[in-house]
Amino acid sequence: MTAEATTPPIDPADADQWSAKVRNAWLENLPPEKLLPDRQPAYVASWIYVFGVATLSALGVVILTGLTLSLAGPAWWHESSIGHFVNSVHLWSVELFFFTMVVHLWGKFFMAAWRGKRALTWMTGCVCFFASIVAGFTGYVSQSNFDAQWISTQAKDGFNSSGLGAFFNALNYGQMLTLHITVLPIAVGIVVLLHVLLVRKKGVVPPFAVAGETPDETTTEVAGA
Amino acid sequence: MTKRFNPDRDVAPYPGPWRRYDILKEGTIAFVVIAILATLLSVLFSSPDAKAITIQQWGTAQPLDFATTAMTELDGTSGTATYGAPYNHNGLGQNFAGFSPAKFVGVHLPIDTAWDFVLHPVSTLPDNPVATGAVKTYLAASAAQQATWNANYENAIAKNGLSFTAGQLVVDPKYGPYGPVSTIISAETSMARSGALDTSLIAGQPFYTTNYTKPLLFLADGTYLAGIAQAEHLTGDQWGVMNEAGNFPGQAWLWLYTAWYQWSPISNSDNADLWVFVLMGVVSAGLLFVPFIPGLRSIPRWTRVYKLIWREHYRGS
């Protein structure tokens, strides 16, 4: 029988190490009870809150079906009924992703969810929306069918007019496909992760104060950190 | 820190009650529901997969439209030939307040439509010395001579002097002389109808390839692709960029991007694409920076939609 090595106690003298700094910063900003909570404010009681987690779930289905489609190559879904079905689930999960994300976005807008030092949470959500549009577009022009031909030949003018077309060529199937299955999903994934971590760190924005409960506008200490 | 409280920016500490919340359970249930919903929608509606249009298909279905387009590629009057950056220097490019970003960036995907779309493909035809000889004759001629042959052929097209009979292009000789042009355009059309032009136009490698810029630009210069798109309600004035073939929702999230094209003066502008690009940039920046824009960030408080969202919280207040 071998004895397991015991973890030594944390020595404050090691706090200057990079690893220790990252660990301490993580625990300070995202302690386990914030990262995986078992309680939340009572005001979080509306169907609108469902759309955030629904967006993440749809993104999960998009990624899983996208990975499945990538296994057998870009022509698979044209030749196989199974491939076509997986493509269909990919398409409809994308539609659900955008639908739930837009409802989530407008819900958060009308909650003014940037209040209480949550501006970065709002902005990462917006960046996620913009990046997803580009990811969706590259998917549409990577279909290698009539839709891809038409959308790419029409959309090129928008990119070309701005000068971006010189580097982002919607007619270059290879470039669009590789962006769609590598760079853009990674970009969306990173921004979504950052967004979710910020939500966990800052918590869900509280309701506006009702009349008579408005904080003193000259002396109230601003909360939200 | 102590500063003036702004209800559109700040929140007071929440003193209210908390309730049980299992984040992992919620996420698992949501994932299962969404997966089932996506599967159900797929079973019910499938997904569109209209086959790609080929140049062979175009040349076979509409040889006159193909030949007419090929002629515009040869004489430099097609959409691609006169496009400007990033393909060539033959167009000014769209501008915004006198500035053309495309022209500023320059030509990064050089395309000479006469050579790339017509002369080079025809010059590669094996066992066709007439066609390859015609290309040599054309290239050896002066620019003025080429222009005369091209103009004569264009005139024949304009006067309905071009027809397609018994599998061959026939151009009325009374509008000539056409020099080698009629041979070149006939060979190009035959090449298209055989399917050889599809392969020849694909840029890059002679075998492996992933870049379809040239054949797509050629297809887009004709009316065949646009005609099919029109029938599928996909053109710009039909809110086309957000649609896809068949009754599918398409990229509905592009509705605002497409909407600009429906409204004057943008719908009539030669710089419409750049205008829409700039406008969408402004709208996107507005959305991104809402938290910092006075007035815009007050809309939620003014509209009081939040009362509906948090109606449980406000009940009894």
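The values are calculated or read from the model by the stated rules, or taken from the named source; none is laboratory data. Quick caveat, the model's predicted, so the values are computed rather than measured. Reconstructed Cβ throughout: ideal geometry from the backbone, glycine too, with neighbour counts over all protein chains shown.
Key figures
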{"read-out": "Test set (1) out of contact with any Ser or Thr (no Cβ under 8 Å at 6 or more places or on another chain); (2) outside any helix (DSSP H, G or I); (3) surrounded by fewer than 18 Cβ atoms within 10 Å (Cβ to Cβ) - residue B:115 fails condition number", "value": "(2)"}
{"read-out": "Lone qualifier among A:181, A:186 - being under 20 Å from the mean Cα position of the chain (by Cα) and surrounded by fewer than 18 Cβ atoms within 10 Å (Cβ to Cβ)", "value": "A:186"}
{"read-out": "Scan of the stretch B:158-174 for residues that are in contact with a strand residue (DSSP E or B) (Cβ under 9 Å, 6 or more places away or on another chain) and in contact (Cβ under 8 Å) with a residue 12 or more places away in the chain, ordered by number", "value": "B:161, B:162, B:163, B:164, B:169, B:171, B:172"}
{"read-out": "Boolean, residue A:149 is surrounded by fewer than 20 Cβ atoms within 10 Å (Cβ to Cβ), at the interface with chain B (Cβ under 8 Å from one of its Cβ atoms), over 21 Å from residue B:42 (Cβ atoms) and not hydroxyl-bearing (Ser, Thr, Tyr)", "value": "no"}
{"read-out": "Residues of the stretch A:25-84 that turn out to be under 22 Å from the mean Cα position of the chain (by Cα) and of a type in the set (A, V, I, L, M), as a count", "value": "17"}
{"read-out": "All positions within the stretch A:163-187 that are assigned to a helix (DSSP H, G or I) and either among the hydrophobic types (A, V, I, L, M, F, W, C) or closer than 14 Å to residue A:151 by Cβ (or both)", "value": "A:164, A:166, A:173, A:176, A:177, A:179, A:180, A:181, A:183, A:184, A:186, A:187"}
{"read-out": "Residue that is more than 22 Å from residue B:134 (Cβ to Cβ), assigned to a helix (DSSP H, G or I) and in contact (Cβ under 8 Å) with a residue 24 or more places away in the chain, where the choices are B:260, B:275", "value": "B:275"}
{"read-out": "When residues of the stretch B:33-60 are limited to those that are facing chain A (nearest Cβ under 8 Å) and closer than 30 Å to residue A:40 by Cα, the one surrounded by the fewest Cβ atoms within 10 Å (Cβ to Cβ)", "value": "B:33"}
{"read-out": "Of the criteria (1) crowded, with 16+ Cβ neighbours inside 10 Å; (2) more than 8 Å from chain A (Cβ to nearest Cβ); (3) in contact with a helix residue (DSSP H, G or I) (Cβ under 8 Å, 6 or more places away or on another chain), which one residue B:243 fails", "value": "(3)"}
{"read-out": "Failed item, numbered, when residue A:39 is tested on (1) charged (D, E, K, R); (2) touching a strand residue (DSSP E or B) at 6+ places or on another chain (Cβ under 9 Å); (3) more than 7 Å from every other protein chain (Cβ to nearest Cβ)", "value": "(3)"}
{"read-out": "Filter result for the condition that a residue is among the charged types (D, E, K, R) and either facing another protein chain (nearest Cβ under 8 Å) or under 23 Å from residue A:141 (Cβ atoms) (or both), over B:315, B:301", "value": "B:301"}
{"read-out": "Exclusive hit being touching a residue at least 24 places away in the same chain (Cβ under 8 Å), surrounded by fewer than 22 Cβ atoms within 10 Å (Cβ to Cβ) and more than 7 Å from chain B (Cβ to nearest Cβ), set A:82, A:63", "value": "A:63"}
{"read-out": "Positions within the stretch B:215-253 being modelled with pLDDT of 80 or more, small (Gly, Ala, Ser) and under 14 Å from the mean Cα position of the chain (by Cα), in sequence order", "value": "B:220, B:222, B:226, B:229"}
{"read-out": "Criterion: more than 17 Å from the chain's Cα centre (by Cα) and in a helix (DSSP H, G or I) - qualifying residue of A:92, A:122, A:106", "value": "A:92"}
{"read-out": "Residue B:190, sole failed condition from (1) buried (at least 19 other Cβ atoms within 10 Å of the Cβ); (2) within 12 Å of another protein chain (Cβ to nearest Cβ); (3) assigned to a helix (DSSP H, G or I); (4) without any contact (Cβ under 8 Å) to a residue 60 or more places away in the chain", "value": "(2)"}
{"read-out": "Flag for residue A:27 being closer than 30 Å to residue B:310 by Cα, modelled with pLDDT under 95 and loosely packed, with under 14 Cβ neighbours inside 10 Å", "value": "no"}
{"read-out": "Options B:199, B:223, B:210; residue that is of a type in the set (Val, Ile, Thr), touching a Gly at 6+ places or on another chain (Cβ under 7 Å), in the same structural domain as residue B:71 (by TED's automatic domain parsing) and at negative phi", "value": "B:210"}
